[in-house]
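Structure, as structure tokens:
The values are calculated or read from the model by the stated rules, or taken from the named source; none is laboratory data. Note that the structure is a prediction, hence the values are computed from the model and not measured. Using ideal geometry, Cβ is built from the backbone for each residue, glycine included, and neighbour counts are taken over all protein chains shown.
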Amino acid sequence: MRPNDLKISSSYLIGELCAHFSLSPRALRFYEEKGLITPRRGAQKTRHYSRADFNRVQVISWGRRAALSLEEIRELLNDYDSADQGRTQAQKALAKLKDKAARLDAQRAHIAAEIERIETHLDQLDAATEDRGAPMRRAVGAN
């Protein structure tokens, strides 16, 4: 079965979800331990995942690819409202990603400024040590 060939069903086995979402059985069991999904147990303790579990794993997979924490994913899962067909959940997910992008952009600006400050300092050290031997920049880079 190719990953996107999973048929819509009312119940899925662990192998079906693993193949569809490219997850390990351990990952699904971990999400269960964390309370993010709640499969029912069949005969011989076989896990049976509902369509709701399928949808939750879909959100979890998306959240992990978007580098959201498990707590952020839990909040998104709890925000689902079937009355609005998940629109509120999607809006909150979009807001989380925009916030994360803004924080990373601020970090990028800070990192760029820090690199520029260090390079300026290295240039000053190079100039001060030029007549005393090898420039500091080469000495720092040589390990």
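Descriptive notes on the structure:
- Residue ID - nearest to TRP62 (Cα to Cα), chosen from residues in the stretch 80-91 that are under 18 Å from the mean Cα position of the chain (by Cα) and either among the acidic types (Asp, Glu) or surrounded by fewer than 17 Cβ atoms within 10 Å (Cβ to Cβ) (or both): ALA90
- Here the condition is being at pLDDT below 95, over 27 Å from LYS7 (Cβ atoms), under 16 Å from the mean Cα position of the chain (by Cα) and part of a helix (DSSP H, G or I); of LEU104, LEU76, it holds for LEU104 alone.
- Hey, ILE60 among the aliphatic types (A, V, I, L, M), within 22 Å of THR38 (Cβ to Cβ) and outside any loop (DSSP other than H, G, I, E, B) or not: yes
- Neighbours by Cβ (under 7 Å, 6+ apart or cross-chain): first from the stretch 33-55, among the charged types (D, E, K, R); second assigned to a helix (DSSP H, G or I): LYS34/LEU70; ARG47/ILE14
- Residue list for the stretch 33-63, restricted to those being surrounded by 16 or more Cβ atoms within 10 Å (Cβ to Cβ) and more than 19 Å from SER9 (Cβ to Cβ): LEU36, GLY63
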